[in-house]
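Working notes for the structure below.
The values are calculated or read from the model by the stated rules, or taken from the named source; none is laboratory data. Remember, predicted model here, so these are calculated numbers, not experimental data. As a convention, Cβ positions derive from the backbone with ideal geometry for all residues, glycine included, and neighbour counts pool all protein chains shown.
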Amino acid sequence: MNKLIVILVTLLLTSSLLSGQGLSSLSGAVSDPTGAVIPGVQLSLENLNTGSKRQATSDASGNYVFAQVQPGPYKLTGRAAGFSEVIVNAIQLQVNSPSTVNVQFEKVGTVAETISISAESVQVNSSDASLGNAIGTRPIIELPLFARNPASLLGFQPGVTNFGSGNISYIGANPTTGSGFQNDDRNGAVNGGKSDQSNITLDGVDVNDQQTRRAFKSVLRVTLDSVQEFRTTTANANAEQGRTSGAQIALVTRSGTNEIHGALYEFHRNTVTSANDYFNNSSGVKRPALLINVFGGRVGGPIMKNRAFYFFNYEGRRDASALSVSRTVPSALMRQGIIQYQRTDGSIAQLSQADLRTRVDPSGIGASPASLALLQSFPLPNDNSQGDGYNILGYRFTAGQRSKTDTYITRLDYTLDSASKHQLFFRGNLQNDRAGGIPQFPGEPPNSVGLDNSKGFAIGVTSLLKSNFISTFRYGFTRQGSESTGIQAASAATFRNLSNRFGTSRGLTRIVPVHNITQDFALTLNKHDLRFGGTLRFISNQSTNFGNAFNAASSNSSWLRGTGSDLQAGVPDLNSRFRVAYNDATMAVLGILSQGTAQYNYLVDGTVLPTGAPVRRNFKAEEYEWYAQDTWKVSRALTITYGVRHSLMPPVYEANGQQTSADISLGTWFDNRGGISQQGKSQADAGLISYVLANSPQGRPLYPFHKKNLAPRFAVAYSPQGSDGLSKLLFGGPGKTSIRAGFGMFYDLFGQGIIRAFDATAFGLSTALTNPSSSFTSITAPRFTGFYNVPSALIRPPGALSFPLQHPTSGAGSFAITNTIDDTIRPPYNMNLNFSIQREMKGGFVFQASYVGRLSRRSLVSRDLAMPTDLKDPASGVTYFEAAAQMARLSRSNAGVGNVPRIPYWENLWPALATGGLTASQNVYNIFRDYPNDETGALFDLDTPGGVQCSRLGCNALFSSQFSALGALSSVGVGNYHALQLTLRKQYSNGLLFDFNYSLGKSIDLSSNSENAQGPNGPSTIGFAGFLVNPWSPRQRKGVSDFDVTHIFNGYSVWELPFGRGKKFGSDMHPALNAIAGGWQISPTFNASSGLPISVGNGRNWPTNWNITGWATQTGPVTTSTGSTKNAPAVSGSPGPNVFANPSQALSAYSNTLPGQTGQRNGIRGDGAFLINLGVSKKWVMPYKESHSIQLRWETFNLTNTARFDVSSLTLDLGNTASFGKYSATLGEPRQMQFALRYDF
């Protein structure tokens, strides 16, 4: 803190060189009636709201610049000797949008002449190559925005993905998935960039959620009535903007004016005018209750005319609604201990309790009474869109949820001197929120309660040091404060693929204070507009987390030796593709618990925290950035902008020393493992890993401190100036067309997500000791005795803590699945390219056609550093994956052991297997046959102690003896995005404005997940969506991005209907009639896209990677359809929404992937977005004062009540055949209506 105070005081006193956001600029050229430039013209820019003025003088080339200007309405006055005074009225300067107004003196004289420019005009950008649109107050207030969240306006830009309703809840969760709209990585991807790479500022100060960095979310709630302007730069921002590689979103808080203005408003939604969810209807679940009231008011005005102003806004929201919740529950038969399974011929058979005891359970125990008691406590199913279609089905219900939010926003502006050279502002935000969670099942207490008391303030000073030199200083403090209470009070035992019978949510409190200091300078020298400055951020991410407070056990058949094959021996007609679903149900009824994790948390002094105690962490980060930029006005037609931004971001660290690191570089260790394997050597030569304290002499930082993150920017803008002939015909005249091209390098922001993922399972201080896979059979595994009883056989007691601490090579904790740090990470970067032609037309129309490209390099991708190697046999030159694929083909074809030839790889490396009259290859074949489609299971028997037989190199020649999977984020990804983007905008005039966008693009990458969602511990779809299945061959995973859609359409409009007094029709209408016919307005928004991609999973089979299943391989033609799938016939069971028109045919077109392969990523497409919102309003101007009005508004969200299905909800893996291709959730919400009453004055 002392360091922060010193820096702050130094900046305030010296304004030394320390990014400029939240301001605008105005420039142009001054000429006489012949077009000749006029130097020395005195220009005055006056803010029409506050009366403040700025002065400038045109240079020798006739150019002028007003830099670092507060957004708002202005009047420009020009005076030159021998000419009439020129006044340009109603110039609307928009945030982060350079505007150009050329001033032409038309005659000699003394009478002032006025040139009018419409307010909120869309100016052709002839200054740089940045893409993006500023949105003014009118559409912000008038558009129907589902969550009344200004940041959601990002979704109305070209190249931005938006697949939900935009219902960002700051304290609640998505009613269908429970995960929250903002947690969907597909939403908010901008021009091929990841969704967590957007940067949001409020009045030039950082208001990002440092925890998630979601595209549509500011950590401080910003109300629509508090926002003066919204601006986003979606491609090639100038050097002034940076920190991340995605969209740069700037929000500006309203200021007070010389006149008192304000509003009172109330918005209301209810059940009667809302539709039911598609799946609720199909399941017979009644429409959830809906009762939302949003109310508030704002007021702004003068404290001192032309000098001091105030603004205040309060907004409250009260929800007393119900949410639709989905769970998986046992079927009616499974509750009785009866298991259904699919035969090889497709028919359905049943196993009674007696069958389970005599035919299935090798121990002869049969159904567990404790298990049956738990299963019978579940509600009966009512939804066939979830589960395996036989034993595990869906259950949908509605649950009441109450929430309360209060938001307070204020801003004060003060002009320090009468010459308006120094201006000061203060902005403060405060919120107080509470939201009840949803219960696990009806009648039970909520799983959690969400609290949020985030707050922040900003102070800014803009100083005109000289007529051509401006300083802008900002200091912002944002404190994110959130808490989610938990309900779990003891360790728990659960069953795979069944929802937990009781809630297991765990509490989390997070406090994140962020100090942000920015200093910007603008210097005009002749034809050069120089900008330079920098920004500092100090972040402290403090958490109290119960996530690792309890032990756990589960019925994971994949953790049994033989992956549960002994449970299938008595069922010879079991369909192999139903094997996993059968195992899950059978183990639940028998109560077999195979996997247990003991969670121990230590302090640095070796103290073991008791079970149930939280883990406290304080992750700190510092960020230092500076930039320099020159906008060179080469001529009136040509402008070149070039600059550089330099980012210095030391590694994130734990402030109290609660951080460990490996004693060797794990990225290098991975590379060495690969090199050793290609030499035909054992993994024993790679060495063992120990952990030390990160701040010890042997410790390592989270990743290296990279000091060369220089990001150059370059842009050329050419605006033809021809005023007649062909040039006028093609380009519309001077300043009407701009041809722009740009290149920029941008670095991704990362660090917080990496350290949190590592800390959650970091060996040493937070140690998760899981019993090794295959350490139990179905006979020796403990049985279920109660939900809150974790068998002691699965839990190892804690050991003493001392460093260095070697990860176990045997017993509990060995062969572990965990996360770590790849300390060879280098900062990901993106090269952005764009070329655009922008043309202003009559009537305020502007058309733009753009090419936008993004080349992503060193992107973060999760990979398994301990994956079994592709061991090469030096004698034959064959690698493991080649030999395993050959053997897998034989075993999957049931070739018969006598038909297995001698395969040199197995004969050379496993000669000891040549026993019992069989060759080594034939005995390997028998082992592979015991693990159908699960070849890493066979490798386990061939390469680990206690297996069938290790190779001549010894055990763990391919596997690591310490880890079966060691996940880490690595900077090895690549990606490309290319798009054509078309935009047609109309500035507000004659009561109409609109913005329509179309994008035709394609995005390709290795992983689309954000930093926070990477890996097995983050949200993902089938096969761990962000993980490299085969890190030895990462390019196998290359495919279209998870958020890739070929076509995106979006737009909005505000149209005041031309009826009533002062309008085109009925301009002299009688006041009584005008009260009925006049003042009507419609404001639609729309968002539509082509289909999202998705992959078909391998089921719970692991041919290549021990922990990551990968995807299936398409072997035949597949037809998907969005027009005929709402009642598609299921492979087995009830019909329902399906991604395939013929699911049975589609299922037969996929096969399990061979060892060494990844499978087909994102090979099919389902639904895309389709959403129309419509606002209809009627305004009455008050007879006592024209500036006072009442507006009645009716808004409809999802006007057509269209149900588009979400591909991420698909049951789409080869291990769940009955429900193959079934949807279970929709994109967005069903139709809701909202009614509002506003009083503006």
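If a residue has to be under 30 Å from Phe1241 (Cα atoms) and of a type in the set (Gly, Ala, Ser) to count, how many in the stretch 308-362 make the cut? Outline the logic, then answer.
First, the residues of the stretch 308-362 that are under 30 Å from Phe1241 (Cα atoms): 308-319.
Next, only the ones that are of a type in the set (Gly, Ala, Ser) stay: 308, 316.
Of the residues in that region, 2 qualify.
Which of the residues that make up the stretch 519-549 are part of a strand (DSSP E or B) and polar (S, T, N, Q)? Steps first, please.
First, pick out the residues of the stretch 519-549 that are part of a strand (DSSP E or B): 519-525, 528-545.
Those that are part of a strand (DSSP E or B) and polar (S, T, N, Q): Gln519, Thr524, Thr535, Ser540, Asn541, Gln542, Ser543, Thr544, Asn545.
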Inset, instruction - Test each condition in (1) surrounded by 18 or more Cβ atoms within 10 Å (Cβ to Cβ); (2) within 24 Å of Ile592 (Cβ to Cβ) for Gly811 and report the one that comes out false. - result: (1)
Inset, instruction - Select from the stretch 536-581 the residues that are in contact with a Leu (Cβ under 6 Å, 6 or more places away or on another chain) and surrounded by 22 or more Cβ atoms within 10 Å (Cβ to Cβ) and write down the one among them that is nearest to Gly389 (Cα to Cα). - result: Arg577
Inset, instruction - Could you please give the count of residues in the stretch 400-431 that are buried (at least 23 other Cβ atoms within 10 Å of the Cβ) and among the aliphatic types (A, V, I, L, M)? - result: 1
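Taking the options Asn497, Asn516, name whichever one is part of a strand (DSSP E or B) and surrounded by 19 or more Cβ atoms within 10 Å (Cβ to Cβ).
Details: Asn497 fails: part of a strand (DSSP E or B).
Step by step, each of Asn497, Asn516 is checked, and only Asn516 is part of a strand (DSSP E or B) and surrounded by 19 or more Cβ atoms within 10 Å (Cβ to Cβ).
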Inset, instruction - Among the candidates Ser1007, Ser999, Ser971, single out the residue that is out of contact with any Ser or Thr (no Cβ under 6 Å at 6 or more places or on another chain), modelled with pLDDT under 95 and assigned to a strand (DSSP E or B). - result: Ser971
Legend entry - strands (runs of 3 or more DSSP E) fully within the stretch 272-366 counting 3 or more residues that are of a type in the set (Val, Ile, Thr): 291-304, 308-330
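Is it the case that Ala1169 is more than 26 Å from Tyr341 (Cβ to Cβ), aliphatic (A, V, I, L, M) and modelled with pLDDT of 90 or more? Full working, then the answer.
Values: more than 26 Å from Tyr341 (Cβ to Cβ): yes; aliphatic (A, V, I, L, M): yes; modelled with pLDDT of 90 or more: yes.
So Ala1169 fits the description; yes.
Just the residues that are buried (at least 23 other Cβ atoms within 10 Å of the Cβ) and closer than 18 Å to Glu625 by Cβ, please, taken from the stretch 522-533. Spell out how you get there, then give the answer.
At the first step, the residues of the stretch 522-533 found to be buried (at least 23 other Cβ atoms within 10 Å of the Cβ) are 522, 524, 529, 531, 533.
Ala522, Arg531, Gly533 - these are the residues of the stretch 522-533 that are buried (at least 23 other Cβ atoms within 10 Å of the Cβ) and closer than 18 Å to Glu625 by Cβ.
Would you check if Phe1235 is at pLDDT 90 or above, aromatic (Phe, Trp, Tyr), at negative phi and not in a strand (DSSP E or B)? Give the steps one after another, and end with the answer.
Numbers: at pLDDT 90 or above: yes; aromatic (Phe, Trp, Tyr): yes; at negative phi: yes; not in a strand (DSSP E or B): no.
Taking the combined requirement at face value, the residue does not satisfy it.
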Inset, instruction - Being within 37 Å of the chain's Cα centre (by Cα) and outside any loop (DSSP other than H, G, I, E, B) narrows it down to one of Arg857, Arg826, so name that one. - result: Arg857
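Which members of the stretch 163-193 meet the condition of being modelled with pLDDT of 90 or more, under 11 Å from the mean Cα position of the chain (by Cα) and assigned to a loop (DSSP other than H, G, I, E, B)? Steps first, please.
Here is the first cut: in the stretch 163-193, the ones modelled with pLDDT of 90 or more are 189-193.
Pick out the ones that are also under 11 Å from the mean Cα position of the chain (by Cα) and you get 189-190, 193.
Selection gives Ala189, Gly193.
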Inset, instruction - Go through Ala800, Ala793 for me and flag whichever is out of contact with any strand residue (DSSP E or B) (no Cβ under 7 Å at 6 or more places or on another chain), closer than 18 Å to Gln599 by Cα and not in a loop (DSSP other than H, G, I, E, B). - result: Ala793
Inset, instruction - Would you check if Ala885 is under 18 Å from Thr1104 (Cβ atoms), among the small types (Gly, Ala, Ser), assigned by TED's automatic domain parsing to the domain that holds Arg952 and at pLDDT 95 or above? - result: yes
Inset, instruction - Could you check how many residues of the stretch 1057-1116 are of a type in the set (Gly, Ala, Ser), within 30 Å of Glu935 (Cβ to Cβ) and part of a strand (DSSP E or B)? - result: 1
Legend entry - Residue list for the stretch 1151-1188, filter: in contact with a Phe, Trp or Tyr (Cβ under 8 Å, 6 or more places away or on another chain) and of a type in the set (A, V, I, L, M, F, W, C): Ala1169, Leu1171, Ile1172, Val1176
Inset, instruction - Residues being surrounded by fewer than 17 Cβ atoms within 10 Å (Cβ to Cβ) and in contact with a Phe, Trp or Tyr (Cβ under 9 Å, 6 or more places away or on another chain): count how many of those fall in the stretch 56-81. - result: 1
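Mind checking which residues of the stretch 607-634 are aliphatic (A, V, I, L, M) and over 26 Å from Val512 (Cβ atoms)? Steps first, answer last, please.
First pass over the stretch 607-634, keeping only residues aliphatic (A, V, I, L, M): 608-609, 613, 615, 621, 628, 634.
Val608, Ala628, Val634 - these are the residues of the stretch 607-634 that are aliphatic (A, V, I, L, M) and over 26 Å from Val512 (Cβ atoms).
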Legend entry - Residues located in the stretch 867-922, provided they are crowded, with 21+ Cβ neighbours inside 10 Å and among the small types (Gly, Ala, Ser): Ala883, Ala884, Ala888, Ser891, Ala920, Ser921
Inset, instruction - Return yes or no: is Leu969 hydrophobic (A, V, I, L, M, F, W, C), under 30 Å from Gly1091 (Cβ atoms) and crowded, with 21+ Cβ neighbours inside 10 Å? - result: yes
Legend entry - Verdict on Phe940 being buried (at least 22 other Cβ atoms within 10 Å of the Cβ) and either in contact with an Asp or Glu (Cβ under 8 Å, 6 or more places away or on another chain) or over 22 Å from Met867 (Cα atoms) (or both): no
Inset, instruction - Tally the residues that are in contact with an Asp or Glu (Cβ under 9 Å, 6 or more places away or on another chain) and either under 16 Å from Glu142 (Cβ atoms) or surrounded by fewer than 19 Cβ atoms within 10 Å (Cβ to Cβ) (or both), restricting the search to the stretch 1164-1181. - result: 6
Legend entry - Members of the stretch 462-494 found to be under 21 Å from Ala613 (Cβ atoms) and surrounded by fewer than 19 Cβ atoms within 10 Å (Cβ to Cβ), listed by number: Glu483, Thr485, Ala489, Ala490
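Report yes if Thr780 is β-branched (Val, Ile, Thr) and within 25 Å of Asp934 (Cβ to Cβ), otherwise no. Step through it out loud before you land on a result.
Numbers: β-branched (Val, Ile, Thr): yes; within 25 Å of Asp934 (Cβ to Cβ): yes.
Answer is yes for this residue.
Of Phe758, Phe714, Phe746, which residue is assigned to a helix (DSSP H, G or I) and under 24 Å from Pro828 (Cα atoms)?
Criteria check complete, one pass: Phe758.
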